[in-house]
Structures are given as structure tokens and as C-alpha cells.
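So the structure is just underneath, and the comments pick up after that.
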Amino acid sequence: MTKNHFHETKGPFPLSEIARIAGSTIGDSKNKNLIIYGFESLSNATNQDMTFLNSNKYKNESLNTKAVACITSPNLSKFLPENCIKLNVKNVLYSVTLVSKMFYPKAETDYLDKYLQPSDKLKDLYPNVLFGSNVLIGKNVVIGKNTEIGSNTIIESNVHIAENCILGSFITIKSSLIGNNVHIQDGCKIGVKGFGFIPNKSKNIRTPHTGKVILEEGVEIGANSTIDRGSLSDTIIGKNTFIDNQVHIAHNVKIGKNCMIAGQVGFAGSATLGDNVVIGGQAGISGHLKIGNNVKIGGGSGVVNDIPDNSQVMGYPAVPLREFIKQRKNK
């Protein structure tokens, strides 16, 4: 079971109760009293945890998961280890939401951090940190030496910020781990809840987001950008990646090292980028896509398919650059 530093955790729960909430049944009666300690992603789950599988795009992870049980559908059960207990349901994401709320009852929205204090009352805790005016700090916050934090910025409880970082004004950071030499410009929102919900005829049902944001060493985030924390896994920005102003990065997105992303680019949830990727302004990346290493994506493009290593694409939908140029000439 992975310890969650940012969200209140409940449990453990017997598998029989989880199955009831999920709307499933347990085939072997001897498993009904099995105790489940956590609800984790396919990769992070241990033999004390359960997980979920909603797409065959993740069959490599699912075949190697260590989870003792998995919420899934009958047609995806074949992509799980034989010893993993399958809880087959009609609507995987709906059942996942219900079970997530069992383990993380307060992760479906961003509640008030009741432990915030003005930084001028905490100077003894952070003697080598330079604060602007009206900075608020939560409990158990770690801030490394030679870090500067601008006015009216909020650092919520349990956030870790390493050394030599520069944070601008009017920033909010929660559910995040930040490496050395990271620069975050004015107005950014880091670690906020992602856009996850289950549509329902009577009302939309919010999905808990229990992951975090990880900004690795040397990352730069431009002004007024937003980075959502992960749902069960984490949102990760790789070492030395630079992100321009007004970029939105949704939950579970993973961006590699040394990438350059221009202004107003939008990433849908669970997209994955390799290293050395360059993306022009106002491009959009659809969810659950895999963008390879050394890829270049032209400004204003709409990426709706996976892109292999060393490709250059442009247009909507994005196509190889030579094909795009040929299309334009033929118009």
C-alpha cells in the first residue's frame, strides 16, 4: 500500500463490501473476507491493494500488476494475471468512483486547508527562504534553502519544495513535490483537482483525485498555467522541461525531459510525452495518447492519434509535416 501524504485515507475494507459498492460479485466465497488496504493504479498497486482496468491500451501494465483485485469488464479480464481477483462491472469508471470515495472520502474536491499560516509567523522554520508579502503556508511544508516565494502565494499542507526554486506571486500549490531549481511564474495553479466526473441523468458525480504533481529538477512553468494532480497515478513534468504561459496540463499527464511547450497548449488526461518534444502554441493533445521522443508538433495542431519517435506533424487532425504541406499546396 502506498502512503498518501495529501489526502485523508480510510480503510482497510473487506473485499465483499467493496464488491457490493462496485456492483459486482465475488466468484470464490473464500475471497469475501479478504482485506483490501488501498486503491492504487495498475503500476503502483501492491498485493494488499486493488486497482482498475478500463482499456486494453494499458494491457502491458495490467498483465504485470501486483494488485490482489481489479475492477474491470468481462472483455478486459483476460489482460489481468490469473491470481488477480476480477470484479466485473457494467460501468468501470462509475464503479471506480464509488470505490475511490470509500478510500478517499475528501478527494473529490479541493477543500479549505485549515492549517494555513502567514509566512512571517514561520520564519524560524524557513530561515533560508525569502518570502514576499501575504504568503500562506500549510502544515508539514518543506521548503529548501535559497528558494524565493512571491507575494500572495499559497503553499498548502504537505507540499515539498526543494532548493533554489523561484515562485512568483498569486500562485497556489497543493498535492505537489517540486525539485531543485524549479521556476513557477505568476498566477499558476499546481496540484488542483482534475476534470473528472461521471455523467448521470440526475447530476454529474465527481471522481476523487488522489494523485499528486511532480515537477522534476529545472522545470519552468509559465504564468497562469494550470497543472492538475493525478487521479490514482501522478502528473509528472520531466527534468528541464520548459512550459510557456497559459498552458493546461490535465490529470495523469506525463511529460518527459527537455521538452518545450509554447503558450496555450492543452493536454487532455493521461497523455504521455517522451523526451525532447517541441509543441507550438495553441496545439491540443487528446487524452490517453502516446507521443514519442524528439517529436515536433506545429502550432494550432490537433493531435488525436499516437505519434512515433522523431516525427514532425501539423494540422487538424495532425498529419506528417510533408503530408500537411502537400495538402495545403493542393487547395
- prompt: Which residue, of 227, 261, is farther than 24 Å from residue 111 by Cβ and either buried (at least 23 other Cβ atoms within 10 Å of the Cβ) or of a type in the set (Asp, Glu) (or both)?
  reply: 261
- request: Only strands (runs of 3 or more DSSP E) wholly contained in the range 57-132 count here; list those with 2 or more residues that are in the same structural domain as residue 270 (by TED's automatic domain parsing) and in contact with a strand residue (DSSP E or B) (Cβ under 9 Å, 6 or more places away or on another chain).
  value: 129-131
- prompt: Of all residues in the range 182-216, which are part of a strand (DSSP E or B) and among the β-branched types (Val, Ile, Thr)?
  reply: 184, 190, 192, 198, 205, 213, 214
- prompt: When you look at residue 43, is it surrounded by fewer than 22 Cβ atoms within 10 Å (Cβ to Cβ) and at negative phi, yes or no?
  reply: yes
task: Report yes if residue 144 is surrounded by 17 or more Cβ atoms within 10 Å (Cβ to Cβ) and in contact (Cβ under 8 Å) with a residue 60 or more places away in the chain, otherwise no.
output: no
task: Would you point out which residue out of 10, 30 is surrounded by fewer than 17 Cβ atoms within 10 Å (Cβ to Cβ), of a type in the set (D, E, K, R) and either over 24 Å from the mean Cα position of the chain (by Cα) or not in a loop (DSSP other than H, G, I, E, B) (or both)?
output: 30
- prompt: Taking the stated definitions as given, is residue 239 surrounded by fewer than 20 Cβ atoms within 10 Å (Cβ to Cβ), of a type outside the set (A, V, I, L, M, F, W, C) and not in a loop (DSSP other than H, G, I, E, B)?
  reply: no
Residue list for the range 147-167, restricted to those being buried (at least 16 other Cβ atoms within 10 Å of the Cβ) and among the small types (Gly, Ala, Ser): 150, 157, 162
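The values are calculated or read from the model by the stated rules, or taken from the named source; none is laboratory data. Computed from a predicted model, the values in this text were never measured in an experiment. Here Cβ is always computed from backbone atoms with ideal geometry, including for glycine, and neighbour counts include all displayed protein chains.
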